Every structure is written in C-alpha cells, then in structure tokens.
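The values are calculated or read from the model by the stated rules, or taken from the named source; none is laboratory data. All values reported here derive from a predicted model rather than from experimental measurement. Note: ideal-geometry Cβ built from the backbone for every residue, glycine included; neighbour counts use all protein chains shown.
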Amino acid sequence: MDILVIGGNRYFGKRLIALLRKSGHRITVLNRGSSGAPEGIEHLVADRDDESALESVLAGRSFDVVVDQVCYTPRQAEIARRVFGTRTGRYVMTSTVEVYGYEDSAAPVAESVLDLASVTVDTGLAWDDPEFREERYGEGKRQAESVFAAGRPPFAWTSVRVAHVLGGDDDFTGRLDHYARRIRAGEPIAVPVVNRPATYVYVEEIARFLAWTVEAEFTGPVNAHSHGPLTTADICAEIEKRVGGRTVFQEVEVGEVSPFSFARSYGMDNSRATGLGYSFSHSHEWLARAVAETVGRGGE
C-alpha cells in the first residue's frame, strides 16, 4: 500500500513507520521540516495548518491510507477532511484516552460512552496558541473526532484512542523520571486521596496496533490499551526494584498531583479491538521492561 504518515518522527510514530516499511508498504512522511524522514523514505514538507500549502505539496498525489499523528484540533480536522477527501481511501487519526475527560466511571469505558454527535465543535477558539492547545489536549482531540464523525468524509475513517504510553529509551515525557527521582531520594509523591487505576499500553505495542489498524477495514473510534490497569503504586513498586529507594505517597485534596495519578476513573475497555481480532498483551508482561528502558540504571 501507498501510505502517508503526517508527523510521527518520534516515539511510537517512528516505530510505526519502521513496522509499515518492514511490511513492504511505500511510506511518505509529511511534516514541517523541523525533522527529516528515515533514509529511503520520501519526505514532503508543509505546515499541516496551512491548507494551501498542503494542497500544493500533495498536488496529483493520492494514498491508500493516511495516518495522521498530529491532528490536535477541530480546525486541523476540517482541513484534513477537505484535503484528503479525494486523496485517500482510509484515514487513521491518532487520538487519546483523554477524550474521555468528562467521564468518572468505575467500569471501563467503551467507545460508545462518548457521543461524538453531542460534542460542541468550536473552531474559533485559540487553537493556534500552543499553550492553549496543550492545556486542552483532550478537548481538541474530542472536537477533531467530532468533525470527522459529523462530516461524513468520503474516506473510511477511524480514530485510535491511545492509552497512557510507557516504555522506550526515547521517552521524552519525563513522567517516569519524575517518580524515579523522588523514589531514590525518598521525597514525597503527591497523589489524590482516592487514587484511581488507569489503562496503559507499551510503546512497541501501540506501534503494532496502529500498523494493524492501517491494514484493517473497520471504521469509527477504537480504544487501544494493554490488558490490566495499573495503579501509581504498581508503577512505583517496579521503579523501586530498578533504582532502589523508597516510595512515599503524600495524599493531597487539592493542588497538582504526580503524573499517572488520577482522582477519577476513566480506564478504557478494549473489547472492540479484541473483537475485531487484535490480541493485546497484559501490562505486567512489559512493565518491568518499560521501566528499565525509561529510567535506566539509577540515573546513570
């Protein structure tokens, strides 16, 4: 297949590209030019927020599948719907568990919990402001999905709602290091009074799932996560084994808490994906490996 990947030059995106390439697909990467593409892969340069630039660089081109790793806002979704309407047969958008930002359910949430038809889309908000967009990450993704769901694009469309990702020596988030530093030093780790478990996925597994989705035919949203929710205590216990030290939790009723600590329940249900034929691993199969890759040997 001829596949266009928008963004995707780091973390699980680069792993996705490697998997697709290994499967024999023809890959083209499109980004703003701040980073290149792997050797031997065609590289197109354009700002995906600039519709005329996209139209120009894609003139005369079409693709079997477009994988959009950097669609963060409803405005970007509207541009993508127009630009790729006649240029692809299938569009795969990388979304997030954060689209369930208003949920608080003891039971894992299925895709249908979020009614995209009821989501208010506001393209007039300050989506071009990076700080605004980061603060409203989940809302931007939710509205972007709603644009595709309501617009009835001519291509087959799916959004992969990715759980919290762990693992990889190239993890740029610093979230596990946050814990490792405090555990080594015995410093308090701020958590909610009631700290809920959450769903996670290993970095290599989400790349494999996205590659599988590219070759599939289903449409609509799909939750993607490993079996077995994890608690903050699960993650910290594994970090202790790796770096030594002691975990000290400090419960706080108000104020900022540590990453991967959640006062509400919104773990995802991956039944749709498994019903479609994908076999996820269990989080305890890879947690030790993910911690070892990310925090290294005691910070050395």
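Among the residues of the stretch 255-273, is any assigned to a helix (DSSP H, G or I) and either in contact with a helix residue (DSSP H, G or I) (Cβ under 9 Å, 6 or more places away or on another chain) or aliphatic (A, V, I, L, M) (or both)?
Initial filter on the stretch 255-273 (assigned to a helix (DSSP H, G or I)): 271-273.
Now narrow it down to the ones that are either in contact with a helix residue (DSSP H, G or I) (Cβ under 9 Å, 6 or more places away or on another chain) or aliphatic (A, V, I, L, M) (or both): 272-273.
Checked the stretch 255-273: at least one residue is assigned to a helix (DSSP H, G or I) and either in contact with a helix residue (DSSP H, G or I) (Cβ under 9 Å, 6 or more places away or on another chain) or aliphatic (A, V, I, L, M) (or both).
I need the full set of residues from the stretch 207-228 which are part of a helix (DSSP H, G or I) and not polar (S, T, N, Q), in order please.
Of everything in the stretch 207-228, those that are part of a helix (DSSP H, G or I) and not polar (S, T, N, Q) turn out to be ALA207, ARG208, PHE209, LEU210, ALA211, TRP212, VAL214, GLU215.
Are there any helices (runs of 4 or more DSSP H) wholly within the stretch 129-202 with 3 or more residues that are surrounded by 20 or more Cβ atoms within 10 Å (Cβ to Cβ), and if so which?
Passing ranges, in order: 137-151, 175-185.
I'd like to know if the stretch 112-134 contains one or more residues that are free of Cβ contacts under 8 Å to residues at least 60 places away in the same chain and within 15 Å of the chain's Cα centre (by Cα).
yes
Counting only residues that are assigned to a loop (DSSP other than H, G, I, E, B), at negative phi, of a type outside the set (Asp, Glu) and exposed (fewer than 14 other Cβ atoms within 10 Å of the Cβ), how many does the stretch 12-60 have?
Going through the stretch 12-60 one residue at a time, the tally reaches 6.
Looking at ASP64 and the list (1) of a type outside the set (Phe, Trp, Tyr); (2) assigned to a loop (DSSP other than H, G, I, E, B); (3) surrounded by fewer than 20 Cβ atoms within 10 Å (Cβ to Cβ), which single condition is not satisfied?
(2)
Would you confirm whether or not the stretch 254-274 contains a residue that is surrounded by fewer than 18 Cβ atoms within 10 Å (Cβ to Cβ), without any contact (Cβ under 8 Å) to a residue 60 or more places away in the chain, closer than 26 Å to GLY174 by Cβ and not hydroxyl-bearing (Ser, Thr, Tyr)?
yes
Under 6 Å between Cβ atoms, which residue pairs at least 6 apart in sequence (or on different chains) link something in the stretch 67-89 that is within 21 Å of ALA216 (Cβ to Cβ) and surrounded by 24 or more Cβ atoms within 10 Å (Cβ to Cβ) with a partner that is basic (Lys, Arg) and modelled with pLDDT of 95 or more?
Matching pairs, first to second residue: none at all.
Suppose we filter ARG246, ARG289 for residues that are farther than 30 Å from MET1 by Cα, surrounded by fewer than 19 Cβ atoms within 10 Å (Cβ to Cβ), modelled with pLDDT under 95 and more than 17 Å from the chain's Cα centre (by Cα); which single one remains?
Answer to the check: ARG246.
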